[in-house]
Amino acid sequence: MAAFRYDFSAVSVMVVEDNDYIRSVLFGVLQSLGCGKVSKFKDGKEAVDYLQLMSMSPERAGALGVDFVITDMLMEPVDGFGLLKWIRMSKDSPDRFLPVIMISGFVDRDALARARDLGVTEFLAKPFSVSSVAKKIEAVIERPRPFIRSETYFGPDRRRTRLAGYNGPERREQTEADCEVVYE
Amino acid sequence: MSDDKQGQPPAKPQAKTRIFKPRNKLKAKVTAGQSPLPPGEEGGFSRAALEKAEAELAEAAARYAEWARTTLDELLEFYREASAGAGDVRQEAVRKISRIAHELRGQGGTFGYPLVTSFASSLFRFTENESAISDERLLVIKAHCDAIRVVLLQNITGDGGEIGQALVKALQQAIAKFQTA
């Protein structure tokens, strides 16, 4: 597949981080990477309020729009998990497919599993570098996963890899009664 | 068959799973108007953009120790609160210390202070999920705070050479003493 050089000048990123210093560093790094608009929020609640405003003002969606979110995990009063859950599940969410990169120094298995089960797109561990931030953004762009809605989950497919040697159809698509494929 | 269902096609059973394949809006946006690169050339962010971002991060790293002193002051203040208080007051102060330790461990490595990350990780492990904080445990918390203080006030980047190793050793000894007490 042909490769392209990215032009981020029309891209709008939402940065949600309670630590002033890290927030301003992420802001600077994303601007340097060429992002046209980087909006800063101090916690999940501020971010939800803004996204809700987007939903309520579709005529301003272009100006308010957010193309992807980078959020910290631990914040108060609404943390990164709460924000992610709202984006994926709330009827007021402006885009339930919005890519969300969660960033945290807290990388134990439980936290990773919780973020995954709430529908995180990518997970970025602190300490971060420019290269690790860029790689996660590239993964969002180049390797998007289909979204799955089951009785217990809504979010990007949690099966990231296909079984080696398996070239058959997607097993979940085999029975019409069990599965429906929707192209948005 | 009931009257109200007459003439209606049988209802399609609700699918258990739906797979959505949304349009890749972000890729469309970042590649709009761009020509494909020649074969063999790697796409993504330009080298210039990555270098600019590296310079931004390096500049932030240079300011880090100065900025982190405010966090250090908070850490020491919460330690004073914990040592002066008891019961719930002590527990709340230690909870705040744990929160700061969590922040510092994520920052140190990013800005060239791996010892801050190392000491803060240890402090976080030592303070999370603790309900009863004994005076002995508090002394180990203080040893962590002191080690972080030295690293930040003396701008000890990287592994810190001899001073760094001495700090690591002193902290390990404080923890070992507590664990065998």
Ranked packing of A:109-117, A:21-29, most packed first, by mean Cβ within 10 Å
A:21-29, A:109-117
Convert each backbone phi in segment B:165-171 into a coupling constant with the Karplus relation 6.51 cos²θ - 1.76 cosθ + 1.60 (shift: θ = phi - 60°), then list the ³J(HN,Hα) values in order as whole Hz, x for Gly and Pro.
5, 5, 5, 4, 5, 4, 5
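Please work out the Kirkwood hydrodynamic radius for the protein assembly as shown, using every pair of different C-alpha atoms, and report it in angstroms with one decimal place. Please list the in-between numbers first.
Values: mean 1/r = 0.0431 Å⁻¹.
Across the protein assembly as shown, the inverse of the average 1/r is 23.2 Å.
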Can you pull the percent of Cα pairs in segment B:66-180 with separation above 16 Å?
55 percent
Where does helix B:47-84 land angle-wise versus the long Cα axis of chain B, in degrees 0 to 90, nearest 10?
50 degrees
Before anything else, pin down the relative contact order of chain B: Cα pairs under 8 Å, at least 6 apart, normalised by residue count, whole percent.
17 percent
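Calculate how many DSSP beta bridges within the protein assembly as shown are antiparallel, expressed in % of all such bridges and rounded to the nearest 5. Working shown, then result.
Working: 6 of 29 bridges.
In the protein assembly as shown, DSSP labels about 20 percent of beta bridges as antiparallel.
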Within the P(r) computed for segment A:12-145, what percentage of the Cα pairs occupies the region above 19 Å?
45 percent
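Just so you know, all these numbers are worked out from the coordinates, no wet-lab data involved. These figures come from a predicted structure and were not determined experimentally. Quick reminder, even Gly has a Cβ in these numbers, built from the backbone with ideal geometry, and neighbours come from all protein chains shown.
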